[in-house]
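Student: Next up is a structure, given as structure tokens.
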């Protein structure tokens, strides 16, 4: 009976990492943010900045911390699923944190002109856990 309960518990736990890999992460699509967008329009996509600097020419540079968008991966999901079955669900102790890290946060730099219109938007190499 204990083995059956343990097996059912493993079945219930399994699939979390596979599900995260199959669905990807829903961060903002930076391709939708266009030049000449107003600052308010940019902040609808990215949220409020974590820092802001005003340059001597009146232009502003803002740094945003956003959830990185990751594409779904059927291969990664199948790998997690197979390892879940082989380990009777114990793989979730490793696979879950791997997928959570895979959906880490990304910093984005936005440059605005003196009229608060977007001039440039770039991803920074720094990732935030």
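Student: Restricting the search to the range 29-68, which residues are within 23 Å of residue 98 (Cβ to Cβ) and part of a loop (DSSP other than H, G, I, E, B)?
Tutor: Within the range 29-68, the subset within 23 Å of residue 98 (Cβ to Cβ) is 65-68.
Residue satisfying the conditions is 68 alone.
Student: Just the residues that are part of a loop (DSSP other than H, G, I, E, B), more than 27 Å from residue 56 (Cα to Cα) and touching a strand residue (DSSP E or B) at 6+ places or on another chain (Cβ under 9 Å), please, taken from the range 72-129.
Tutor: Quick first cut of the range 72-129, residues part of a loop (DSSP other than H, G, I, E, B) only: 72-73, 87-91, 103-104, 113-116, 129.
Checking the rest, the ones that are also more than 27 Å from residue 56 (Cα to Cα) come to 72-73, 87-91, 103-104, 129.
Matches in the range 72-129: 103, 104, 129.
Student: Do you know which residues across the range 20-43 are modelled with pLDDT of 90 or more and within 19 Å of residue 107 (Cα to Cα)? Outline the logic, then answer.
Tutor: The initial filter retains those residues of the range 20-43 that are modelled with pLDDT of 90 or more, namely 38-43.
Those that are modelled with pLDDT of 90 or more and within 19 Å of residue 107 (Cα to Cα): 39, 40, 41, 42, 43.
Student: Can you tell me which residue among 77, 68, 17 is touching a helix residue (DSSP H, G or I) at 6+ places or on another chain (Cβ under 9 Å), under 23 Å from residue 89 (Cβ atoms) and modelled with pLDDT under 85? So that I can check it myself, show each step before the final result.
Tutor: Values: 77 fails: modelled with pLDDT under 85; 68 fails: under 23 Å from residue 89 (Cβ atoms).
Being touching a helix residue (DSSP H, G or I) at 6+ places or on another chain (Cβ under 9 Å), under 23 Å from residue 89 (Cβ atoms) and modelled with pLDDT under 85 holds for just one of 77, 68, 17, which is 17.
The values are calculated or read from the model by the stated rules, or taken from the named source; none is laboratory data. Note that the structure is predicted; figures quoted are calculated from it, not measured. Please note: Cβ atoms are built from the backbone with ideal geometry, for glycine as well, and neighbour counts cover all protein chains shown.
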